[in-house]
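Any read-out appearing in this document is the output of simple, stated calculations on the displayed coordinates, not a laboratory observation. Quick caveat: nothing in here was measured; it's all calculated off a predicted structure. In this analysis, Cβ positions are derived from the backbone assuming ideal geometry, glycine residues included, and neighbour counts consider all displayed protein chains.
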Amino acid sequence: MPRLLALVAIIFAYAVTTPLQAQTESVTPLQDALQTVQPDVANPSRATVPAVLRVLLQADAPGTVDFLRAWGDREVYERPGDGLFFYATDAPDRMLSLIDIDTGETVTEVSTREVNQIRPNAGVRREIGAALVSFELLHPNPDRRLAALDNIARSPDADQIEALTAARAAEDDSRIAARMDRLLDLLNARFATDTAVRVDAIDGLRGDISTEARRVLNQILQTRAEFAPEIPEGTNVARIREPGADMELTAAYGTLSDAGLAPARPGRNTIRDALRTNVVDGTVGGIPVHQLTTDEMRRAAYAALQAEGIVAPLVTEADMRAAVAEVVFFDAYLEPDPAVTTAARDALDSTRTKISLWQFVSISLDALSLASIFFLAAIGLAITFGVMRVINMAHGEFIMMGAYTGYVVQTVIPNYTTSLIVALPLAFAVTFVAGVAMERLVIRHLYTRPLETLLATFGISIALQQLAKNIFGTQARPLTAPDWLAGAIQVNDVVSVASIRVAIFFMALMFLLMLLYILNRTRLGLEVRAVTQNPGMAASMGINPDRINMLTFGLGSGIAGVAGVSIGLVAQVTSEMGANYIVQSFMTVVVGGVGSVFGTLAGATLIGFLQKGIEWFNPANTLAAQTFMVLFIILFIQFRPKGIVALKGRAAGD
Amino acid sequence: MSLDIPRSTAAPAAKPRSFLHENPSVLWFMGLLGVFTVAVTVLSEGFGIGMISTNLVKVLGMTLCLCLIAIAMDVVWGYCGILSLGHFAFFGLGGYAIGMWLMYARTEIVIRDSLGRGTIPPTELEVSEAVAAQIFGVVGSSELPLIWTFAGSLPFQLAMVVLVPGLLALVFGWLAFRSRVTGVYLSILTQAMTLALSLYLFQNDTGLRGNNGLSGLQNIPGFLHVPQSVLSVWFFWASACALGAGYLLFAWVVSGKFGSVIRAIRDNEARVRFLGYNVEGYKLFVFTITAVISGIAGALYYPQAGIINPAEIAPIASIYLAVWVAIGGRGRLYGAVIGAAFVSLLSSWLTGGGAPNIDLGFYRIVWTDWWLVLLGLGFVAVTLFFPKGIGGVFDYLVRKKP
């Protein structure tokens, strides 16, 4: 059966991966090739199969693999008159439709008597099966050889070892040879008959972190729970279980009674049901029914029934212990050879350390990606908060606005790459304008009342959220990344990073550098820093704080828009997406320290790594990770109320 | 029953310069609350002529609970200057505490009833296992979590209504005020607390049924035969009493010397500290007492709502609370009541489909879609142009009088 599966897999892969080949000079290349060895095909024997294969390999005709499969499955017919070969399907009136093996067209209908069905015996069929593998493994096209190797890896089988070894000897492409070596190790580790070869192969898998290697090792180490009066000779014992210590006593007894080696133990339910069926005149075993509200009374009643011999006896704990002491419970490896299992265990242990190391790398990359998203979402907030001491609760809605801008652009421009290139600056522009408008209309009038800015911007936030819902609906809208960002960068079987996350990381990096440049190297940056430190003094130096505030707010909002496009690429675009990020963004800002680009960077990194770190301990529960992270932040604020990077001077405020 | 409150408090009014003399709004409020309670009772289905549906009685009772938490919020924000964005967490905790008893006790009655029909009576263990399976089957568990150990005891859960929000506020407030977290930072910190709590409750394995929340709370164990029309009026009375008592308590708290100190803290914390007052202690007291009152309000609210789930505790709810108080007018207790009642009733009227949609010809305004936009913009307008909120109108009226 596995052999058949392998065949099917290979043929399937062949059908998928082989492009249509151009017709050569002959219209029927396969038929022609077969005719050169006509007798060997029509009456195959184990000795003649290789000759046929050689011919087919040389001809390299399309449909060869299909033919081999059909040949092995007794689906090829020979027409005695001209010796040509056909496939056939059933036709009415016990007729067969003959199908040309090259073109796949129905040629004619004949009665079953007019053609000979070719019936290779079991030995020949095995030969053909192996041949199918080697046929692909020896194929001149390296891609075909790799595909065949993948198929073997997918459905490994003992019979493939021989073909693979032969192919390995003939292989001259070093990349494919390495892959073959590893596959050989995998196959030998599982199927080789000689212990030394297997142990050797298993040692070759030491430190191999790929899933297929680990799967093979784990398969070798599969165990089965067993029990026996004494451990039988030649059993490869994984561990012995002590009932009561590393195995529940009731469970151990349960296995015994299931096997019929001990009387079943009446559980609470059994006792109850037994009492229920034996109620006589309102009493059971002499005890009135209404008194049976505790387990003790029930057991007493049951004991009375037992004395009458009506029910199966109770099994006490002592009984269970005695019964269990008669036998040994143990886990036995399915693999009988201890040398093999020891080697596999060693190999797996050595792999495990390496895997945890790689997992650490993987978590760190995840955390870095999360940190860059937090950074993008929070940096705009940090700027406005730092410069203007204004909490912008609508920041999340600016993120959402940016994401929806990206979505709208995508519906207008179908090319994902172009639309992304258009969407990024457009989102910046849209949210920049929205931010400036909000600053001029609302925030400007509330500078002396910071807590009320918080509330007013919250009012804007709910209005914007509902507006988005009215316009775009409650359904999540997709923002599709272009193809070149869609895949993942696969480092090995443990570590892989989605390309889009890498892109977001670089985008965050770019924004970091750009902001640093603007703040430290431009006139605007100088003025912003001056206003941050002392608005009054800055004003008296000829800087217009209103203008700076407006531009800062616009800049912060614009970055939120760009962040929205990037977040939209990894998450769904909904009217609530901003609200999901706002609290995290605030915490990033507060933890990092208000008004500092590096502070926000530190805050985002800390929160990103913290969240992923907590998730590592409990990977199934993202909610728990978030809960603990928020708790950590609350505690963190206790010890550094001004954040990681605290501003000095007037900006440090109260 | 609720009419007793104005009567009993009317006695000290005779003395000159008394508490009520200083705070005429208390008498007005008590009077109006009493009249309102009587009016609703007379119009209700359970006790009167049935002009007000049971559902509406519940909505009104719930609104009274919201008014109660709004005055708590007003004390902590409007008087003490702490913009807490976490008081709805205390409200929710109170609701959960009472909800546990309601759910457990009712399920236990149902289970005992069904098990008792068998030929032999159930054991205690069987009952509690069946109850646990019934309650927690929805989150794929059948064991009673540790925090439900005393869920069958009403006095214990009632104590929890007060103790859980109170202790949380005490610990959180102590940590926050001790390290001098103030202003916007404190707001964000309280918001983080709410977020953490709601995220925690959203988990299935924390023993409070995850996002399913607790349900069936409108059925009161021991009164299962009482129709909802009567129960709703009982709860309405209870809510009115709680609101009246809460109003009195807070009016008293903010009126004396204590009130002056917390207002001073709001206006300039540093100066009060320099005068030798223990600012942190005052703030902690206000924060904790308002949290306790919020918990009580929640415990009265959710039996009327019938269901509680973690979404109720989400940060947004607490921000809405601030919105009500701001619209009603901060720094005056009746302002908070007006804001909460006005906004929440208007909200349920407009989103409940009660309001007629407006056809503009080119566009049809559906209130369910536009209510939040209206609220948001209205709120911005109130913050910008009427910082005193609706309550400011009363200032105007009072000043007009000779």
**Study point:** Extent along principal axes [Cα atoms of the stretch B:4-400; Å; largest to smallest]
**Key:** 77, 57, 55
Revision key, fill the gap. Neighbour-count ranking for A:Tyr407, A:Tyr447 (other C-beta within 10 angstrom, fewest to most) reads A:Tyr447, A:Tyr407
Check your understanding: Which helices of chain A meet both criteria: a Cα extent of 27 Å or more along the helical axis and a mean Kyte-Doolittle score no lower than 0.5, with helices taken as whole DSSP H segments?
Key -> A:338-388, A:416-441, A:450-472, A:499-521, A:545-570, A:597-617
Review point. How many angstrom separate the Cα center of the stretch B:290-354 from the Cα center of the stretch A:463-538?
Key: 36 Å
Exercise for review: Could you list which residues have their amide H under 5 Å from that of A:Ala88, counting only those 5 or more apart in sequence or on another chain, with H placed in the peptide plane?
Suggested key: A:Ile99
Review point. Which three lengths, in whole Å and largest first, does the stretch A:216-349 cover when its Cα atoms are put on their principal axes?
Key: 68, 25, 21
Check your understanding: Mind checking the dipole of the protein assembly as shown: about its Cα centre, +1 per Lys or Arg Cβ, -1 per Asp or Glu Cβ, Debye to the nearest 20?
Key -> 6600 debye
Review point. How many times 2.2 N^0.38 Å is the alpha carbon radius of gyration of the stretch A:356-652?
Key: 0.99
Practice item. Measure out, as a whole number of angstrom, how far apart the alpha-carbon centroids of the stretch A:310-363 and the stretch A:109-181 sit. Key: 39 Å
Review point. When the Cα atoms of the stretch B:80-149 are enclosed in a convex hull and the volume is divided per residue, what value in Å³ results?
Key: 101 Å³
Review point. Straight-line reach from A:Lys354: which aspartates and glutamates have Cα under 17 Å away, leaving out those fewer than 8 places along the same chain?
Key: A:Asp203, A:Asp208, A:Glu212, A:Asp346, A:Asp493
Check your understanding: Relative to the longest principal Cα axis of chain B, at what angle does helix B:24-43 sit, 0 to 90 degrees, rounded to 10?
Key -> 40 degrees
Point to revise | Surface/4 estimate of mean projected area, convex hull on alpha-carbon atoms of the stretch A:173-283, nm² | key: 12.4 nm²
Review point. Taking 1 over the mean of 1/r across every pair of different Cα atoms in the stretch B:58-200, what Kirkwood radius in Å do you get?
Key: 17.7 Å
Revision key, fill the gap. Gyration tensor on Cα atoms of the stretch A:578-621, a ≥ b ≥ c root eigenvalues, a/c under 1.5 rounded, else prolate if a/b beats b/c, else oblate, says oblate
Point to revise | Hits among aspartates and glutamates - C-alpha to C-alpha of A:Lys612 under 12 Å, sequence gap 8 or more where chains match | key: A:Asp366
Check your understanding: So how do B:Cys65, B:Cys80 line up by other beta-carbon neighbours within 10 Å, fewest first?
Key -> B:Cys80, B:Cys65
Point to revise | Expected-Rg normalisation [2.2 N^0.38 Å, Cα atoms] applied to the protein assembly as shown | key: 1.26
Study note, to complete from the structure: If one compares the long axis through the Cα atoms of helix B:87-116 with the longest principal axis of the Cα atoms of chain B, the angle in degrees, nearest 10, works out at 20 degrees
Revision key, fill the gap. GNM on chain B, Cα springs under 10 Å; top mean-square fluctuation among B:Phe287, B:Phe236, B:Phe362 goes to B:Phe362
Check your understanding: How do A:Thr235, A:Thr457 rank when sorted from fewest to most other Cβ atoms within 10 Å of their own Cβ?
Key -> A:Thr235, A:Thr457
Review point. Among the aspartates and glutamates, which fall within straight-line cross-link reach of A:Lys469, defined as a Cα-Cα distance under 19 Å, with same-chain neighbours fewer than 8 residues apart omitted?
Key: A:Glu397, A:Glu576, B:Asp369
Check your understanding: Roughly how tilted is helix B:124-136, in degrees to the nearest 10 and between 0 and 90, from the longest Cα axis of chain B?
Key -> 60 degrees
Review point. Ratio of Rg to Rh for the stretch A:290-363, alpha carbon only, Kirkwood?
Key: 1.42
Point to revise | Long pairs among B:Lys283/B:Lys388; A:Lys642/B:Lys257; A:Lys642/B:Lys283, criterion Cα-Cα beyond 29 Å | key: A:Lys642/B:Lys257
Practice item. Return, for the Cα atoms of the stretch B:169-265, the radius of gyration and Dmax in Å, separated by a comma. Key: 19.8, 53
Review point. Where q = 0.20, 0.21, 0.29 Å⁻¹, what log10 of I(q)/I(0) comes from the Debye formula for the stretch A:430-492, counting one point per Cα?
Key: -0.88, -0.92, -1.19
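State which stretch of chain A is the longest one without any exposed GluC sites (Glu not before Pro), exposure meaning a DSSP loop state and at most 13 other Cβ atoms within 10 Å.
Value returned for the longest uninterrupted segment is A:327-654.
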